[in-house]
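Below is one structure; the comments refer to it alone.
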Amino acid sequence: MIKKEHLQAKVVALCLSAKKHTPKAQVPSAFFRMNVGIDHDAHAGEGHRQVSLLAQQAIEAMKRQGAQVVPGSFGENVIIDGLDVIRLSIGSRLQLGEEVILEVTQIGKECHVPCAIAQSVGYCIMPREGVFAKVVQSGVVKPGDRARCL
């Protein structure tokens with residue numbers, strides 16, 4: 001179990017795409033809209049997978065294996081350093097920056113075989129490393145903002 005009071009981390013990158021199942025492009029900031037997701041992202045909507053998160057450590061492990069990846073290569077919206085997001089449980093809440101609150105709704109996912117990400121990188125880490133959340137409080141997030149468990 002993760003001790004909530006000891007967790008502090010930071011947002012490394014924010015990434016968006018206009019189409020689902022594709023790598024995302026890095027952006028300097030993003031507006032997270034309550035019950036919708038991130039403005040201008042293909043996954044925004046009423047579903048439970050409004051926002052996807054990956055740990056920086058998971059991406060670094062892929063790089064050590066030779067993958068040529070950049071933020072957004074796995075279709076993730078938020079990369080967080082200092083927090084092993086895969087260890088969170090469904091229902092956990094995270095605060096990003098001063099305003100945004102996310103609630104974890106799913107750990108991992110079934111990957112579309114073969115998805116565009118797996119084709120370009122070799123395999124997709126989202127099925128086992130990806131964490132999905134819904135937005136429960138709106139606001140703006142920028143890289144460098146604090147990320148913490150509530």
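The values are calculated or read from the model by the stated rules, or taken from the named source; none is laboratory data. Everything numeric here is computed off the predicted structure, so don't read it as measured data. When we count neighbours, we look across all protein chains shown, and the Cβ atoms used for this are built from the backbone with ideal geometry, even at glycine.
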Failed condition for G66, given (1) at pLDDT below 90; (2) on the phi < 0 side of the Ramachandran plot: (2)
Residue check, R64 without any contact (Cβ under 8 Å) to a residue 60 or more places away in the chain and of a type in the set (D, E, K, R): yes
Qualifying residue in region 17-27 (condition: under 19 Å from V140 (Cβ atoms), surrounded by 13 or more Cβ atoms within 10 Å (Cβ to Cβ), free of Cβ contacts under 8 Å to residues at least 24 places away in the same chain and not small (G, A, S)): yes
Scope region 70-88; condition more than 21 Å from K142 (Cα to Cα) and in contact with a helix residue (DSSP H, G or I) (Cβ under 8 Å, 6 or more places away or on another chain); matching residues: I86
Test: residue in region 82-103 that is charged (D, E, K, R), farther than 16 Å from V131 by Cα and at pLDDT below 90: no
Qualifying positions in region 28-56 - among the polar types (S, T, N, Q) and crowded, with 17+ Cβ neighbours inside 10 Å: Q50, S52, Q56
Any hit, region 65-79, residues being closer than 16 Å to V100 by Cα, in contact with a Pro (Cβ under 6 Å, 6 or more places away or on another chain), surrounded by 19 or more Cβ atoms within 10 Å (Cβ to Cβ) and of a type in the set (A, V, I, L, M): yes
